[in-house]
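In what follows, a single structure is set out as structure tokens and then discussed.
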Amino acid sequence: MKTAVLHNYHQPLQFHDLPVPSIGPLDVLIKVHACGVCGSDVHLVDEEFAPLSQLPVVPGHEVAGVIEEVGEQVTYLKSGDRVGLPLNQQTCGNCRYCVRGETVLCPEQRFTGINLNGGYAEYVKAPARDVTIIPDAISFEEVAPLFCAGITVFTPFKYVNFQVGQRVAVLGIGGLGHLALQFAHVLGAHTIAVSRDTEKLHLAKEKLGADEAIDSSTKDWVKQLQDMGGADVILATAHSSQLMSQSIAALAPEGTLVVLGVDKEPLIMPPLVDLINNRKRVMGSITGSIKDMREMLNVAATHTIRPLIETYPLEDAQLALDHVRAGKPRFRAVLTMT
């Protein structure tokens, strides 16, 4: 099978013909049709996941395809099923997080495309319990980014005491943010797009469900949010600790800042009296469980939530990575195998 392999950090991918993986009794073999190229793949190449990552590895954790073969003990999936494989897999099943369904917090979990071979390949194997059926309404190319970007922005709504009609601001309208706006809109939020890119702000209001748009390059963007009454939830997808730190002041009483974007710089907290008197919260969030994944895909299928994508053949995997690093795609890059 054709594969793109990362052999060394900070070096280009190399292409190889490797044997199709053999599966165990509880595994499935997936013929990959599409695999998203995520910003986390760039972090992998840049050695930011070491020592968690293990090289050589086939990157790619937004996998969508068709089951080619099932293990002899797998009874609830069959050959021909359309399935997806996310970042998190091979959890222990016994820790206090796994037993309550919070498998993404399992300390023993392994990661697709980081320390397990991922979807920059024609085939990938995985434990059957870690894959999710894809609704027929969504194409492989469009569903692939939902297995990371989609679940990442959907899951926080389960943990912030969200209520219909609340103000949800999305800070940064990129690969995560353009999906966050769509989910917030269909879940019943009053949505506010916050970006320094005026073209993206226009798109947010025209096509992505934003009710309001705020230019974060202006000095008074926080005050604009405050004048609306503050945001009940801020989904911070921008890779800027500075903007995240500033946004805490824009939270309404009992509001929550959810940190989703990655930056090497620390958050700068406001005076503690602001947090205390207004019961503000700052939390992080990452992906979601299989149950969350199924719910997210059903919402996306029912409400026609789709990522805006650019497609590349597998042979152009390095070009796709380079484009993601440069921030060129509007908004997600996807490799296609067919």
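The values are calculated or read from the model by the stated rules, or taken from the named source; none is laboratory data. All values reported here derive from a predicted model rather than from experimental measurement. With ideal geometry, Cβ positions are generated from the backbone for all residues, glycine too; neighbour counts draw on all protein chains shown.
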Criterion: touching a strand residue (DSSP E or B) at 6+ places or on another chain (Cβ under 7 Å), assigned by TED's automatic domain parsing to the domain that holds Arg330, charged (D, E, K, R) and buried (at least 24 other Cβ atoms within 10 Å of the Cβ) - qualifying residue of Glu141, Glu62: Glu62
So in segment 84-129, with the set limited to residues that are among the acidic types (Asp, Glu) and farther than 23 Å from Arg332 by Cα, which one is surrounded by the most Cβ atoms within 10 Å (Cβ to Cβ)? Glu102
Strands (runs of 3 or more DSSP E) contained entirely in segment 1-108, each with at least 3 residues that are touching a residue at least 40 places away in the same chain (Cβ under 8 Å): 2-5, 27-37, 63-70, 82-85
Hey, could you check segment 239-256 for residues that are buried (at least 18 other Cβ atoms within 10 Å of the Cβ) and in contact with a Pro (Cβ under 7 Å, 6 or more places away or on another chain) and say which is nearest to Lys158 (Cα to Cα)? Ile248
Conditions first: (1) in a loop (DSSP other than H, G, I, E, B); (2) in contact with a Phe, Trp or Tyr (Cβ under 9 Å, 6 or more places away or on another chain). Ala137 passes all but one, so which condition is the exception? (2)
Yes or no: His33 surrounded by fewer than 17 Cβ atoms within 10 Å (Cβ to Cβ), under 26 Å from Glu310 (Cβ atoms) and modelled with pLDDT of 95 or more? no
Which of the residues that make up segment 179-197 are hydrophobic (A, V, I, L, M, F, W, C) and either buried (at least 19 other Cβ atoms within 10 Å of the Cβ) or under 12 Å from Leu208 (Cβ atoms) (or both)? Leu179, Ala180, Leu181, Phe183, Ala184, Val186, Ala189, Ile192, Ala193, Val194
Within segment 230-238, does at least one residue satisfy the condition of being among the acidic types (Asp, Glu) and closer than 24 Å to Lys200 by Cβ? yes
Filter segment 224-238 down to the residues that are more than 17 Å from Phe154 (Cα to Cα) and out of contact with any helix residue (DSSP H, G or I) (no Cβ under 8 Å at 6 or more places or on another chain) and list them by number. Gln224, Asp227, Met228, Gly229
Keeping to segment 114-129, report how many residues are outside any strand (DSSP E or B) and either out of contact with any helix residue (DSSP H, G or I) (no Cβ under 7 Å at 6 or more places or on another chain) or outside the structural domain of Ile30 (by TED's automatic domain parsing) (or both). 7
If I filter segment 254-270 for residues that are modelled with pLDDT of 95 or more and over 30 Å from Gln89 (Cα atoms), do I get at least one hit? yes
